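Bear in mind that the values in this text are calculations on the coordinates, not laboratory data. Only a predicted model underlies this, so the values are computations on that prediction, with no experimental measurement involved.
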Amino acid sequence: MAVTAEAPFQEAPWVNISQEQYAHSLSTIRRLGRMAVEGEMDFGEAEMITELAFADFNTAIAEMLKTDPEFRQFLDVNNRRTHSVIDGMVRAADGTPMVEVLFNGVGSSEQAARLDPTLKAQVLRDACDVDVAMRVDRLLPGQTLWALSMDPKDELAEHSEAYKKLGYKEGLAYIQTYSKVDENTLVASSYSVDMSDEASWRPLLAQHGMDIPEEASLNSWLHFGVETTATAEEAHQFAQQLRTDYYAQVGDTEQRYSVNEYVEHNQEAVRKLFEAYYVPLASAVHTGRNNETIEQLAATILTKNISDLNAGVKQQLIRVANGSSFKDDAGRVMDSVIRYAVVEQLRKGLTAMRQDHISHGFGRAGDYMPPPNYAFNPMNMHNIMADNIQAGVAAGRSYGGCPGNIELNARAQEDSNSLNPNSQDAYGGKGSNSEAGTVECEYSGTFCYCCPYNRDGTPAAEPVVITARRGVDGIARCLRSGCGATLDSKGHATKGKIYAKAMLMKTQSGI
C-alpha cells in the first residue's frame, strides 16, 4: 500500500479541496431506514441493524462528551466491542472480515490523499490499522495484542482544519487492546489518554516491551503493538493501569471517571431519543422523502432564532422545515443536530459532577443524571432538543472525537461529530460498519483537469469549482457537465472532454 501525495486530477497549482464528506458514511443509517421502510428481513437481522446503529450513536455521544473542555480533565473513554471469529478471521458486525474492511479504508484514504495531499498521513494510519488486523487474526486463544494510537501532532499543527474534521484532538491518544477469548470470539477495546506526549510515553512503553524507533512517525506507532499472553479481563486491567501510570508520569493525580459508564447509566434516556429521531431520520435518508418528525424538529430549532448558528446548517434546516425531498446533505446535518442536542442534554448531569468534583470530590459517574424530562409528547421533545442546541451554540461549544462533522456553531474553529466512529478506536473505529470506505463520497474543489477551462476549452478567468463523486465501485467521477474525467482507487485517471477540447485548441493555435 503506497503512501502517495500525488493528485492525478491536478494540473493547476491552485488545488483547494474540501473534504467534508471523507469518512462521513451514511451506510449504517441508510440500512436502518431500509429496514424501517421496507421491513423485508427477519427479526434477527432487523435487531442487528437497529443495535448496530444504536451502538454507533451511543459510542459517538460518549466520545463527544469526552472532548468537552469543561469535563475533559476528569473523564476518560473506555470502549469495548465483541467480535465473532469465523474461519480464523475476525468479523465486523455484518460478517465481513475486518481485514477486508480496513483494506477498503486504505483504498478510500489513498484516493482522498490523491485529491488532497495533506491527507497522506491518514493513509499511513489506515495502513497500520490493516497491519494490526492481520496480526490480530493470527492470535491464539488466551493471547492479546496491545498498541497505542498517538494523535497526529504534526498534522494537527500544519493542517489543523483537515485533521480536526477527521476527529483528532491534540494530546488525545488511545490505548488499543485485542484479546482472543476462544476460537470464535475476540474482544477489542480502546482507552482514551489525555495530555499525550511523545517524550513521556516512550520510557513507559519501553518498560512493557514496546520499543519504538526514534525516527518512527507518530502516525506509525500502532505498527509497534506488542503481543502477550493475557485474557480480555487482564488486558482491560493492564490498559487501565498503563493509563494511570501515564497520568502519574506527567504529574496528573486527579481522579478520573468513565464517560462510558455515565452514558450507560443514562441508556433509557439515550435510547428514547434514538428511537424518537433516528428511525424517522433513517427513513428520510433511505427514501429521499422528508417526514413529519424531522420536519418539525427543524422548524422548532428555527423558531429559537439562534444568532450564532452556522449559516450552512441554518440553510439546511430551512430546507428540511419547508421541503418534501430529503438529500444526503440534509441527512448529515440532521444527524449532527440530533447528536449535539443529546450531548447537551447529557452534559447537564456532568455539570453537577464537575461542581461536586471541584468542591469535595464525588462518587461514581453514574450517580449523576440529567433532569428526567423524557416523559414528553413530540412537541415537548422538539422544544427540549431545540433549547439544548440553543444553549450549546450560545456558549460556543464544539465537540470532537469522531470524523466528518457538520459544525453547528458559526464561531467555532474546530469540527467534531459524525456518523462514523473515532479513527483512533480499535480497528480504526470501523468494527461496527463494514461499509466504511466503500460508500459514495463527494469532494468539491478545483482539482480536476477541467478546472482551468470553460466548457468550450477556452481558459477560465478563475478556476472552476467542481464536484467529484466517488461511487461504491471506487471510481471518482467529475460531475461537471461536459467533463467526465475519472480517477480510480489506484490513481489511474482519464482527463475528460473539456480538457481534451482545451488541448486541441492549444494544438490548433500552435501553443
Candidate lysines for bridging to residue 495, where Cα separation is under 18 Å - those fewer than 8 sequence places away on the same chain excluded: 506
Over 23 Å between Cα atoms: which of 66/164; 66/327; 272/430; 120/153; 120/164 fall into that group? 66/327; 272/430
